[in-house]
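Since the structure comes first, as structure tokens, the remarks are kept for the end.
The values are calculated or read from the model by the stated rules, or taken from the named source; none is laboratory data. Computed from a predicted structure; not experimentally measured. Cβ placement follows ideal geometry from the backbone for every residue including glycine, while neighbour counts extend to all protein chains displayed. Accessible surface is based on the protein model in full, side chains and every heavy atom, while ligands, DNA and RNA are left aside. Shrake-Rupley method; radii C 1.70, N 1.55, O 1.52, S 1.80 Å.
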Amino acid sequence: MARILVIEDYENLRLIYKTALINAGYDVDVSSDGLEALEVVKTHEPDLILLDLLLPHMGGLEFLRAFDLTKHQHTAVVVFSNLYSPNLLEEAKKLGVKYYLTKSDFTPQEMIDFVTKALAESKPAENAGK
Amino acid sequence: MSIRYKTALVFLSIGLIPFLAVGMLVFLDFQTALRNNAFRHLEAVTSLQEERVNDLVAVYALGAAYVSEQPAVRHAVQDYLHDPATNKDRLHGALMTAESGGPYAKVAPFQELAVTDTEGLVLDSTDTAQIGIRMPVVPRSQLAEIYRDGKGVHLRFSTPMAYDDKVLAKLYLTISAQSLFAITSNRTGLGESGETFLVKRFDTNKGIFVTPLRFDSSAAFSRKISLAQANRPSAQAVLERDETFTSGAVSYRNQPVIAVTRYMPQAGIGVVGQIDEYEVYGPIQQLATQVVVFAALLVLFTVFVSSFMAELFVRPILLLAGAADKLRHGDFSTRAKVRSQDELGQLGHTFNNMAEDLEKQDQAKSDVIALISHQLRTPVTAVKGFVSLVLQDERHKLTPDETKMLKLAFDENEKLNILITQILDVAHADSGKLALKEQPTDLAKLTHKVVHEHEATLRLRQQAIEFTPPTGSFQTVVDPEKIGFVIGNLITNASKYSPAGSKVVVAMGHSKNHLWIKVTDTGLGISDADKRKLFQKFSRIENPKREIAEGMGLGLYMAKKIVDLHGGDLTVSSRENHGSSFTIELPTKE
């Protein structure tokens, strides 16, 4: 099953996404900021990262720069933030992000539907095999 | 009156009034000077002519006396008077000799020499045709008469011949008037129209010209003068008056003239010197023309300079006014391009500082709103998530009541979510960050969908909504979500401010390069005062039926922002208590 990394500083949201994703059958890692997430990805390479932008210590975009998507071709990133900003959207696109969503628009179920779709798009062959 | 006109007026009065005043003074002075000058000149010329005529008359009167004193003549006359029959031939011979070869005739030739008795009866003459005719009798050596015959005009002088202090006869000497004409025909210094001429009395009511006139060479002793006209210099000269006519005089040609008249009592002749006013004042006409031309140039120059000056003042003011207007409409990024180093530049600088402060404050406000909204969103998202999780959890069966209440909680939370999104959109729109997700859209379908969505709500209020989908293409490129929001907002407003039982009408159509959608109600209408603040942030028309969900007063503000971003326009027309009509105009795009 695909492995999802949720990077979210707000504890209750972290709980919601973790619960929903586990219920949907995904393997889930969670971190509350970019630095912590960098540690996690060393041991667990995620198939998809659900990334918040406003984080303590290290923000979402900073994490993306450090993580470097060019070295992780198989990882899809969904920016999932309540902060809407065309500038940040541009910046995220440059860093290789394909999906940019507003958290408050999504129920957990809708989020899972989207994640499933995104995974199918980013790794069609791999998913087809499972 | 605009500053341009005022400046032009000020400049015109500064330039023109002194110029015209000075011009008028110069004009009057010049006129007086010209008249006085011309008059003095005329007086001098006339006096000179008078003197010449007097000299001529005196010379020939003296000549007649001289001839009468010639011994041959004197003795011949004496002998003739003593014995006419014997001495008739001798007298005739003496007269003929005196006329053709006498000492005086060699100096000043004359035409005829005659001897009369004391009563003027011609006893003998060099012109024998004259014998027996009566001559005019005058007492002294003087001009006896001027007359005209077939050969021309003549002057006849008379002198008494006395023997032992007793006048026994008279001698008459006649000359051609040519020498007199020579005097008046000399018009040196009299210009194009000036002249001098002689007049004398003809009879009780008339005078006659003695010399030819400049403009009537046959006038000499043929053209008469009516004496009844006081403004005729020729008549006044006949009437023996020494007059000066500086104005109002009229010449024999009926031209206004300035004139001088002199009467010569010894000769019984009047002299007139005159010149046309037209010629005297000729230079002043020229001056007047120059003044008018110069004044016209001055006006042109003044208008040019004043409009230039006005431009200096008005341009920065108009720039400032334009910038202030933009500022009033919420464009805080506007700046006045006033760079002059004067008070206006200072004003522009102050204005720009003010605009900058406003812009900063507006940006700060938008930033704060954005931040707060973002912070609000997070717990809302959490509530949404938790409620959803509980509702979806299939392991625990909820009672229908629990499900219903949780769903209501979810809906209320969603309303809060929408409000926050709206506030964020406003903040973003204010800082220019409202992003349109434009795509090809059929506006007719979109409108129909929105109308359909609102039907239920309006039905709850016992209101009807009418929309007839139009035929033809309403395909254009818009952000369907945002335009849908705008249409929905207009329908909601129309419903909110209308009574139960009323009808909201949605119509749409094409105009030149635009598609329009019109939402009309028959509700409260909007007062003129309210119309002005209608599209402002957080403004809401007072409505006793106000509802909480849409109560932020952001709807029309956002609607207007969205339509503006599409390059369209949102307008309103309304009559209080008769209803309102909102029109969305959107450009057609491929």
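Other protein chain C-beta atoms within 10 Å of residue C-beta, averaged over A:99-106: 5.
Convex hull volume of the Cα atoms of region B:341-430, normalised per residue: 74 Å³. Taking a threshold of 18 Å on the Cα-Cα distance, which of the pairs B:LYS337/B:LYS365; A:LYS103/B:LYS445; B:LYS326/B:LYS561; B:LYS384/B:LYS561; B:LYS518/B:LYS560; B:LYS445/B:LYS518 fall above it? Violating the 18 Å Cα-Cα cut-off are B:LYS337/B:LYS365; A:LYS103/B:LYS445; B:LYS384/B:LYS561. Heavy-atom accessible area for B:VAL572, with the other protein chains in place and a 1.4 Å probe, reaches approximately 40 Å². Give me the residues in region A:1-41 whose solvent-accessible area, probe 1.4 Å, is reduced by at least 20 Å² once all protein chains are included instead of the chain isolated. Buried by 20 Å² or more upon assembly, which counts only protein chains, are A:TYR10, A:ASN12, A:LEU13, A:ILE16, A:ASN23. Listed by chain and number, the lysines placed with their C-alpha closer than 25 angstrom to that of B:LYS166 are B:LYS88; residues fewer than eight positions away on the same chain are left out.
The B:ASP29 and B:ASP325 beta-carbon pair, evaluated with R₀ = 60 Å, returns a calculated FRET efficiency of approximately 0.60. The peptide list B:8-21, B:58-71, A:35-48, B:265-278, put in order of mean Cβ contacts within 10 Å with the highest first, becomes B:265-278, B:58-71, A:35-48, B:8-21. The Kirkwood hydrodynamic radius of region B:465-533, based on inverse pair distances between different Cα atoms, is 13.8 Å. The order of A:ARG65, B:ARG262 by accessible area, most exposed first and with a 1.4 Å probe, is A:ARG65, B:ARG262. Hey, how many Å between the Cα centroid of region B:247-302 and the Cα centroid of region B:374-398? One Cα centre to the other: 114 Å. In this view, the solvent-accessible surface of B:SER473, computed with a 1.4 Å probe and all protein chains in place, comes to about 80 Å².
A simple count of charges around B:LEU408, restricted to other residues whose Cβ falls under 14 Å of its Cβ and scoring Lys, Arg +1 and Asp, Glu -1, yields -1.
Checking the cross-link filter: which aspartates and glutamates have an alpha carbon closer than 19 Å to that of B:LYS6, excluding same-chain neighbours under 8 positions apart? Output for B:LYS6: B:GLU311. Sorted largest first, the spans of the alpha carbon positions of the protein assembly as shown along the three principal axes are 193, 62, 42 Å. Sorted largest first by accessible area at a 1.4 angstrom probe radius, with every protein chain in place, the residues B:PHE485, B:PHE221, B:PHE209 fall in the order B:PHE485, B:PHE221, B:PHE209. Accessible surface ranking for A:ASP29, A:ASP9, B:ASP165, A:ASP113, 1.4 angstrom probe, highest first: B:ASP165, A:ASP113, A:ASP9, A:ASP29.
Shape of region B:337-489 from the C-alpha gyration tensor: oblate (a/c of 1.5 or more and a/b not above b/c, with a ≥ b ≥ c the square roots of its eigenvalues).
Centre-to-centre, using Cα atoms only, region B:60-122 and region B:442-467 are separated by 145 Å. Each chain gives up part of its surface: B and A jointly bury about 1700 Å² of accessible area, both sides summed, for a 1.4 Å probe. Per the Debye calculation on chain B with a single equal scatterer at every Cα and no solvent contribution, log₁₀ I(q)/I(0) for q = 0.07, 0.11, 0.12 Å⁻¹ amounts to -0.68, -1.08, -1.18. Think of a 1.4 Å ball rolled over the protein heavy atoms: the protein assembly as shown then has 52 Å² of accessible area per residue. Evaluated with a Cβ-only charge set (Lys, Arg +1; Asp, Glu -1), region B:220-362 carries a dipole of roughly 720 debye about its Cα centre, given to the nearest 20.
Comparing chain A with the 2.2 N^0.38 Å rule of thumb, its C-alpha radius of gyration ratio is 0.96 (two decimals). Within straight-line reach of B:LYS449, meaning a Cα separation under 12 Å, sit the following aspartates and glutamates at least 8 residues removed in sequence or on another chain: B:GLU481.
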